[in-house]
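One structure below.
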Amino acid sequence: MFRIGLGHDSHRLGPGDGLVIGGVSIPHHRAAIGHSDADVLLHAITDALLGAAALGDIGEMFPDTDPANQGRDSADMLRRALDRVSAAGWRIVNLDCVIFAQRPKILPHRPAIRRRIAEILGIDEAAVWLKAKTGEGVGPIGEELAVGAECVVLIERQS
Ligand code: MG
């Protein structure tokens, strides 16, 4: 038995000195603004995973009204979501993701991001793919006001 899940996230860009995307620090002259470490990709993956198993969402698991979530490591959030999904008898087959960012360039970091996501989830790197799109210079992504991410994940019932 298979299930799919879809996750989406976006964060504003503001003053700062770099982004965390997929658990990897990427140098930049701006930063993503958020309650946690604002890792837009890990947040999208977390929601996709929870959605596939119909077991909640990131906002319900980690409310931004809880001080414990201030500056929280998104890898820890994703691991906790994975624990919830695994405990319900599911395992990940693969995931496919898209990052939306005018700048910085994401593709040079793709190998490191895939490696890190695979490590967090305890799956093979070959089961993790990532694409990157600019906003073609228009809209909040293109005007470098925000970054976004989407993820689709497939899970299957463990035998
Ligand atoms: Mg987020």
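The values are calculated or read from the model by the stated rules, or taken from the named source; none is laboratory data. From a predicted model like this one, the values you see are computed outputs, not experimental measurements. Here the Cβ positions follow ideal geometry from the backbone for every residue, glycine too, while neighbour counts run over all protein chains shown.
Among residues of segment 3-23 being without any contact (Cβ under 8 Å) to a residue 60 or more places away in the chain and in a strand (DSSP E or B), the one that is nearest to the ligand (Cβ to nearest atom) is 20. For segment 106-144, residues that are farther than 30 Å from residue 90 by Cβ and surrounded by 15 or more Cβ atoms within 10 Å (Cβ to Cβ) total 6. Among the residues of segment 24-51, those identified as within 11 Å of the ligand (Cβ to nearest atom) and part of a loop (DSSP other than H, G, I, E, B) are 34, 35, 36, 37, 38, 39. Quick check on my filter: what residues within segment 113-131 are within 10 Å of residue 21 (Cβ to Cβ) and over 13 Å from the mean Cα position of the chain (by Cα)? Answer for segment 113-131, where residues must be within 10 Å of residue 21 (Cβ to Cβ) and over 13 Å from the mean Cα position of the chain (by Cα): there is none. Scanning segment 59-105 for residues that are of a type in the set (A, V, I, L, M), free of Cβ contacts under 8 Å to residues at least 40 places away in the same chain and within 15 Å of the ligand (Cβ to nearest atom), we see that the one that is surrounded by the most Cβ atoms within 10 Å (Cβ to Cβ) is 81. Remark: pairs (first residue in segment 107-121, modelled with pLDDT of 95 or more; second residue loosely packed, with under 15 Cβ neighbours inside 10 Å and not in a helix (DSSP H, G or I); Cβ separation under 7 Å; 6+ apart in sequence or on different chains) = 118/124.
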